[in-house]
Amino acid sequence: TGFAATHAQDAQPAPAAEPVLRMPRYIAQAYTTLGTRNADGTPGPNYWQNHSVHDIAIEVAPPARTVTGTQVVTYTTNSPNPLPLVAVRLYQNSRLPEAIREENHTQDFLTDGIQIDEFSVNGQVIPWATFDAILPFETVKLVPLAKPLMPGESATFAFKWHYDLGIEYNRE
C-alpha cells in the first residue's frame, strides 16, 4: 500500500512552470543597481521625486471665453543627477485642430490652444518659440536650462498665457 501511494504521487504531473517575463534592463537597474524600486514595485531606499510649487492667477470675464493667467513655478530637482532640461505640458493644445486625440470631437471642441505670451527662467525672458515640441502639435515642450540644475537646486519658471474655452467641454 505504501508503494502504491508513493507511486501514485510520483505519477502526478509536475506543476506548470510560471512563465518568465523579460524584465527591461532599465527596470532591472531600478531594483538592483539604483535601489529606486523594491521588487514589489514600491519605492526603494534611493527613491526620489522632483517637486514643484505653482502660484497661479487666472482671470475670466464672461461672456468672453478667454482665460488669461500668470503662473510662477518653482521647480526643485531631487534627482541624484544634473537636470539639463524640463518638460512643460501644454494640455490645452490637445484642442488644436491637428492634435492627436483618443476621442472624436466636433468643431465646437477645437480652439487655438494655449498661447504663451511671455516666458522666463530665473527672471530671464526667453522667446517661447525657441523650444522644441517633443509630441505632435506642441502638447509638450522641452525647455533646456542655461545651466543644469544640480541635485537639490531650484529654478523659477514664469509664464503669462491665455487660451479660449471651447464650446464643447471635456473634463475641464
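The values are calculated or read from the model by the stated rules, or taken from the named source; none is laboratory data. For clarity, every value in this text was computed on a predicted model and none was experimentally measured. Quick reminder, even Gly has a Cβ in these numbers, built from the backbone with ideal geometry, and neighbours come from all protein chains shown. Areas reflect the complete protein model, heavy atoms only, side chains present, ligands, DNA and RNA absent. Shrake-Rupley method; radii C 1.70, N 1.55, O 1.52, S 1.80 Å.
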>> Let's test the formula: R0 of 25 Å, r as the Cβ-Cβ distance of Ser52 and Gln115. What FRET efficiency results, to the nearest 0.05?
In response: 0.70
> Once label points are set 7 Å from the Cα along Cα→Cβ at both Arg101 and Ala64, what is their separation, rounded to one decimal in nm?
Replying inline: 2.5
> Any idea what angle helix 2-11 forms with the longest principal axis of the chain, computed on alpha-carbon atoms, 0 to 90 degrees, nearest 10?
Replying inline: 30
> What nm value, rounded to one decimal, do you get for the distance between Ala129 and Ala28 when each label is placed 7 Å out toward the C-beta?
Replying inline: 4.8
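Nearest 0.05, what FRET efficiency do Ile167 and Asn38 give at R0 = 45 Å with Cβ-Cβ as r?
Efficiency, rounded to the nearest 0.05: 0.40.
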>> So if each residue of separation counts as 0.36 nm, and I subtract the Cα-Cα distance between Glu18 and Asn122, what length gain in nm does that give?
In response: 32.1 nm
>> Using protein chains only and a probe of 1.4 angstrom, how many square angstrom of Ser120 are accessible, to the nearest 10?
In response: 10
> Tell me, what is the percent relative contact order of the chain, built from C-alpha pairs under 8 Å that lie six or more residues apart?
Replying inline: 24
> For volume of the Cα convex hull per residue in Å³, which listed value, [x] 117; [y] 162; [z] 227, comes from the coordinates shown?
Replying inline: [z]
>> Using a 1.4 Å probe on the protein heavy atoms only, what accessible surface does Phe159 show? Give it in Å² to the nearest 10.
In response: 20
>> Can you tally the net charge around Leu96? Count Lys and Arg as +1, Asp and Glu as -1, for every other residue whose Cβ sits under 9 Å from the Cβ of Leu96.
In response: -2
> So what is the accessible area of the chain per residue, in Å², with the probe set to 1.4 Å?
Replying inline: 71
> In the chain, what percent of the accessible surface is made up of carbon and sulfur (1.4 Å probe, ligands and nucleic acids excluded)?
Replying inline: 56
> In deg cm²/dmol and to the nearest 500, what is the mean residue ellipticity at 222 nm of the chain if only DSSP H runs of at least 4 residues count, each as -39500 (n - 2.57), divided by the residue total?
Replying inline: -3000 deg cm²/dmol
